[in-house]
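Heads up, the thing below is written out as structure tokens.
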Amino acid sequence: MRWQKLGQILEFETSPFAKRYASHAQSPQALVLEDRVRVYFSTRSIDEPGKFLSHVQYVDYDFDFKNVLGYSEHEVIPLGKLGCFDEHGIFPLSPMTVGDKVYGYTNGISRRVSVAVETGVGLAVSTDQGKTYKKFGDGPLLSATTYEPFLVGDPFVRKFGDTFHMFYLFGKKWSEANDAHASERVYKIGHAVSDDGIDWRKMGESIIADKIDENECQALPTVIKIGTRYHMYFCYRHMAGFRTEKGKGYQIGYAYSDDLVHWMRDDEQAGIALSDKGWDSDMMCYPNIFACNNNVYLLYNGNNFGRDGFGIAKLISE
């Protein structure tokens, strides 16, 4: 795979969203419509000192990603009710067209006391081409189970053949907190299948090999089929030091499969890496791969976990 970076296409501080929200444009996710590409992302408002709420918004682009056709100026999907799994945020929203509707699979966030957060996978449905969404219910479709005890989230769903496939993350452990460090999480990528996109059967195992060590954190899987092969992009980082130490933050990982079950990791073939300088020189994270007008594109965040906005790359060979 070989990509051409087309640059940053949303800078948060110069966007209209900077007047309404505190920071960030995280996890860009594309929905290709008849006349535009709608890119969802999560931005933040301040809830109380040091705490934030993540909200879904979107930007509409033309098919060349050179012109902005519009911005959302409304609540795309409401946060959860008191005590629900998505009470404190939705990050990300992953859309897909199902018939005349758009299914939006959500990563709901709720705060905890002993550790920072808990997450679950929800569903919201749009009947107006993704402008607004109504929740399928107040609870999650996927959440913690016996062998996936916490942090089930980051859903990416596509239908291959007659089956819906969800790639998601699940928590493996939290590290012990001490006077110098808060608890840190470790999570891996899993796989579930469904006949209708609503009732899911988990495969029950991590599907991507570790590169750093057993404490490697893997997030935001995204999959596309080109020819007969499936290609997955995701991001990975060290468990600790990723916020402050260069080289320990998120980078882009890559794996391929011929059956959606067995995956061969080969990051050297990802075809995209950190830039020498600029907005994506320290970090690349939260990828989203999609086809549009006979081209394949990769949306992603750069430095500071998407604080500065997001950019896009175009596949030029594979």
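Values in this text are rule-based calculations from the coordinates and carry no lab data. Bear in mind the structure is a predicted one, so any value in this text is a computation, not a measurement. In this analysis, Cβ positions are derived from the backbone assuming ideal geometry, glycine residues included, and neighbour counts consider all displayed protein chains.
Please go through segment 160-198 and pick out each residue that is of a type in the set (D, E), more than 17 Å from F242 (Cα to Cα) and exposed (fewer than 11 other Cβ atoms within 10 Å of the Cβ).
First, the residues of segment 160-198 that are of a type in the set (D, E): 162, 176, 179, 184, 195-196.
After this cut, where a residue has to be more than 17 Å from F242 (Cα to Cα) as well, the list is 162, 179, 195-196.
Matches in segment 160-198: D162, D179, D196.
From the list Y61, Y21, pick out the single residue that is among the aromatic types (F, W, Y) and over 27 Å from D138 (Cα atoms).
Within the list Y61, Y21, the selection yields Y61.
Could you count how many residues in segment 208-225 are surrounded by 14 or more Cβ atoms within 10 Å (Cβ to Cβ) and among the acidic types (D, E)?
2
Has segment 153-171 got at least one residue that is more than 18 Å from the chain's Cα centre (by Cα) and under 27 Å from L53 (Cβ atoms)?
No; the residues of segment 153-171 include none that is more than 18 Å from the chain's Cα centre (by Cα) and under 27 Å from L53 (Cβ atoms).
For segment 59-78, state whether one or more residues are buried (at least 19 other Cβ atoms within 10 Å of the Cβ), in contact (Cβ under 8 Å) with a residue 60 or more places away in the chain and under 17 Å from the mean Cα position of the chain (by Cα).
No: zero hits.
Do we have any residue at all in segment 186-200 that's polar (S, T, N, Q), assigned to a loop (DSSP other than H, G, I, E, B) and more than 18 Å from the chain's Cα centre (by Cα)?
no
(1) within 27 Å of F63 (Cβ to Cβ); (2) of a type in the set (G, A, S); (3) buried (at least 17 other Cβ atoms within 10 Å of the Cβ): which one isn't true of S275, the others all being true?
Checking S275 against (1) within 27 Å of F63 (Cβ to Cβ); (2) of a type in the set (G, A, S); (3) buried (at least 17 other Cβ atoms within 10 Å of the Cβ), the one that fails is (3).
Residues checked against (1) under 23 Å from R158 (Cα atoms); (2) among the hydrophobic types (A, V, I, L, M, F, W, C):
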| site | (1), (2) |
| --- | --- |
| F242 | no, yes |
| A255 | yes, yes |
| D282 | no, no |
| Y286 | yes, no |
| G302 | no, no |
| F310 | yes, yes |
| K314 | yes, no |
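Applying the selection to segment 93-129, what residues are of a type in the set (V, I, T) and touching a strand residue (DSSP E or B) at 6+ places or on another chain (Cβ under 9 Å)? Walk me through it before giving the result.
Keep residues of segment 93-129 that are of a type in the set (V, I, T), which gives 97-98, 102, 106, 109, 113, 115, 117, 119, 121, 125, 127.
Once the filter is applied, which keeps residues that are of a type in the set (V, I, T) and touching a strand residue (DSSP E or B) at 6+ places or on another chain (Cβ under 9 Å), segment 93-129 yields T97, V98, V102, T106, I109, V115, V117, T119, V121, V125, T127.
Hey, could you check segment 226-260 for residues that are among the β-branched types (V, I, T) and surrounded by 13 or more Cβ atoms within 10 Å (Cβ to Cβ) and say which is nearest to L10 (Cα to Cα)?
Only one residue tops the list, namely I252.
Might you check whether a residue that is in contact (Cβ under 8 Å) with a residue 40 or more places away in the chain and small (G, A, S) occurs anywhere in segment 142-160?
yes
Residue-by-condition table, conditions (1) within 21 Å of Q26 (Cβ to Cβ); (2) β-branched (V, I, T); (3) out of contact with any helix residue (DSSP H, G or I) (no Cβ under 8 Å at 6 or more places or on another chain):
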residue	(1), (2), (3)
K81	no, no, yes
G89	yes, no, yes
P92	yes, no, yes
T106	yes, yes, yes
P140	yes, no, yes
T145	no, yes, yes
